[in-house]
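Worksheet: one structure, shown below.
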Amino acid sequence: MKDLTPTKSSLDPIEIASRDEIETLQLERLKWSLRHAYENVSFYKTSFDDAGVHPDDLKSPSDLSKFPFTVKQDLRANYPFGMFAVPREQVARIHASSGTTGQPTVVGYTQNDLDVWGSVVARSLRASGLKPGDMLHNAYGYGLFTGGLGIHLGADALGLSTVPISGGMTPRQVRLINDFKPNGITVTPSYALSILDEFAAQGLDPRDCSLDVGIFGAEPWTNAMRHEIEQAFDMHAVDIYGLSEIMGPGVANECVETKDGLHIWEDHFYPEIINPETGELVEDGEQGELVFTSLTKEAFPIIRYRTRDLTRLLEGTARSMRRMEKVTGRSDDMIILRGVNVFPTQIEEALMATPGLAPHFQIELSKPDRMDQMRIVTEVADSALGREARETAGRALASAIKQSVGISVKIDVLNAGRVARSEGKAVRILDNRPKS
Ligand code: DLL
C-alpha cells in the first residue's frame, strides 16, 4: 500500500493547534451556539427555561453538562422546520433521514453551513490520504441522505475530480472504477463487499485496480473488516463518521497514517460521553454514549444531542483534536439475548476470524418456546466447499461466538451470494420475535 500521509503544510492550522487554542475557540463558539439556539428556536428557549439554565451560565466548556439533552423525538415533535434558527428563505439545503419508524428527521443548512460542511469533509478526505487533483468514486447515495451530497461538497472543496455515481448498479460501479481509475472510493463498508463480489463475477482482480484508499462509514464496521478489505483491494481502509442531525459525514475521520480511531473536528462539534442509563458525564477513556453540540451551525444548531452511538473519547495522536474509538454499535441495535448484551460488530469479528465463511451475515431473532433465540445467517466463501466443510465452518463460528460473546447461537451457512446484499447501510438484524 502507498504511503498517503498528507504533508503538514496541507493541514488546517487548527488541526495541529495547541489544546489551549482549541479549547479557547470552543468556549467562544459554545457561548455563541447556546445563545443562538436559545434566542431563535422556541424548543431550546423552553427546554433551557424548564431546566433553569441560561446561555450566560456557561463560563467554561464543562458547564455544558448543566444544559438539557436533545433527543430524536424532539426533532420529530418539531417536524418539519420547527428546529430551524433562521427564516426558511435563508435555508440553502434540506436533508432528511428516513428513519425506520415515524416521522423523518429534517435538517437544514445555510450557505455558510454548507461551506463549513465542505471544509470538514475536505479535511476528512485529506486525512484519508487524498490530495487536490486526485479522483474520487463517490458511491454513497445521493438524495435526502447526507452521504452522497455531503462527500461531494468536501470533494469539491478539496479540489478532487468527483465521480458522483451514488449507490446501486453494481456492475457499472466496477466498470467505471476500471475505466476511470479513481484514487479513492467513498462507500459503506457493506456495499464495498458487494462491489468486491462483482469484481470476482467479472473475472477481475480488485488488487489490480487503481484504488489507493477507501473511506468507509455510515454504519459500524470492525478492524477485522478493515483488514479484509485492505487485503482484498490492496488499499488503505479508513473510517468516516457523522450523522445528519449534527451535519452529515465528516464529523470525525481517521488519519491514514495512524488508523487508530477517528479525530473529531472539535472546532465545529463539541463531544461528550455520558452513561446512557443515568445521563451523567463519564471521563475521557470510558465507554458510553456520544453526545454532540454544534459550535458553528446557523440553520440547525443542536445542543447536547444524544446520538445513541457507543464509543469512548481518547486524546489526539496524528492531530491535536480528540479521537473517538470506532463505534461499537448503536444502543438501539444492542440485542439482549438471555441477559447478555450483544452487538452485530461482535458477530462480525467472530465471523471474520472463521475460515471458509464469507464476510456477509444477518442476525435473525425469534422466540420459540418463550426463549429468545439468535440465528446467524451467513454463506460460504467458496461454493465448491462440500457439506462437511460447511458444517465444520458453521460449528467453528458458533464456538467462536460462544467464546467471545458467551451466547449459544444457531448458524445457517448458505451458498455463496445467498445472504441479502446492501447498496447502502446493511440491515443486520431481522427481529421476528412477537411484539409484546
Ligand atoms: O450515515 C452520515 C454518513 C454518511 C456518515 C456517509 C459517514 C459516511 P445518518 O443517516 O443520519 O448519517 O446516520 C447516522 O449512522 O448515528 C451512526 O449510528 C451510524 N454511523 C455513521 N458513521 C458511522 C461510522 C450518516 N463510521 C448514524 N461507524 C450514526 C459506525 C456510523 N456507525
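We did not get these values from a lab; they are worked out from the coordinates using the rules stated. Note that the structure is predicted; figures quoted are calculated from it, not measured. Quick reminder, even Gly has a Cβ in these numbers, built from the backbone with ideal geometry, and neighbours come from all protein chains shown.
Can you give the helix-only mean residue ellipticity at 222 nm for the chain, where every DSSP H stretch with n ≥ 4 adds -39500 (n - 2.57) and the sum goes over all residues, rounded to the nearest 500 deg cm²/dmol?
For the chain, the value works out to -9500 deg cm²/dmol.
Counting only residues 5 or more places away or on other chains, whose amide H sits under 5 Å from the amide H of Ala358 once H atoms are built in the peptide plane?
Counting only residues 5 or more places away or on other chains, the set is Glu379, Val380, Ala381.
Between rounded, prolate and oblate, where does the range 386-432 land on the alpha carbon gyration tensor, with a ≥ b ≥ c its root eigenvalues, rounded for a/c under 1.5, else prolate if a/b exceeds b/c?
Oblate, because a/c is 1.5 or more while a/b does not exceed b/c.
Residue-wise, which Karplus ³J(HN,Hα) couplings in Hz belong to the range 45-62, taking 6.51 cos²θ - 1.76 cosθ + 1.60, θ = phi - 60°, and x for glycine or proline?
4, 5, 5, 5, 4, 4, 8, x, 10, 9, x, 5, 6, 8, 9, 9, x, 5
Please compute the contact order of the chain in relative form: average sequence separation of alpha-carbon pairs under 8 Å and at least six residues apart, divided by the residue count, as a percent.
The value is 14 percent.
Expressed in nm², what is the orientationally averaged projection area of the convex hull enclosing the Cα positions of the range 1-103?
Convex hull of Cα atoms, orientation-averaged projection: 10.9 nm².
Would you work out the Kirkwood radius for the chain? I mean one over the mean of 1/r across all pairs of different Cα atoms, in Å.
Answer for the chain: a Kirkwood hydrodynamic radius of 22.8 Å.
Once you have a ≥ b ≥ c as the square roots of the Cα gyration tensor eigenvalues for the range 44-129, tell me rounded if a/c is under 1.5, and otherwise prolate or oblate according to whether a/b is larger than b/c.
oblate
Subtract the Cα-Cα distance of Arg370 and Asn223 from 0.36 nm times their separation in residues, and report this length gain in nm to one decimal.
Between Arg370 and Asn223, full extension yields 49.4 nm more.
Stokes-Einstein diffusion coefficient for the range 324-382 at 10 °C in a medium of 1.306 mPa s, Rh from the Kirkwood formula over Cα pairs: what value in µm²/s?
Answer, rounded: 123 µm²/s.
Could you give the length gained by full extension between Asp63 and Asp412, i.e. 0.36 nm per residue of separation minus their alpha carbon distance, to one decimal place?
Result: 120.5 nm gained on full extension.
Across every pair of different alpha-carbon atoms, what Kirkwood hydrodynamic radius in Å does the range 57-190 reach?
The answer is 17.1 Å.
In a Debye calculation with equal point scatterers on the alpha-carbon sites of the range 232-340 and no solvent, what is log10 I(q)/I(0) at q = 0.14, 0.19, 0.24 Å⁻¹?
The Cα Debye sum returns log10 ratios of -0.58, -0.98, -1.38.
If I take R0 = 41 Å and measure r between the Cβ atoms of Lys181 and Asp50 in this structure, what FRET efficiency does the formula 1/(1 + (r/R0)^6) give, to the nearest 0.05?
Approximately 0.10, to the nearest 0.05.
If you build the Cα gyration tensor of the range 311-420 and take the root of 5 times each eigenvalue, what three semi-axes come out, in whole angstrom, biggest first?
Taking √(5λ) for each Cα gyration eigenvalue gives 29, 20, 11 Å.
Which whole-Hz couplings ³J(HN,Hα) result when phi for each residue of the range 173-179 is put into the Karplus expression 6.51 cos²θ - 1.76 cosθ + 1.60, θ = phi - 60°, listed in order with x for Gly and Pro?
With coefficients 6.51, -1.76 and 1.60, one gets 4, 5, 4, 5, 4, 6, 7 Hz.
When a/c reaches 1.5 or more, the comparison of a/b and b/c decides; with that in mind, is the range 250-307 rounded, prolate or oblate per its Cα gyration tensor?
oblate
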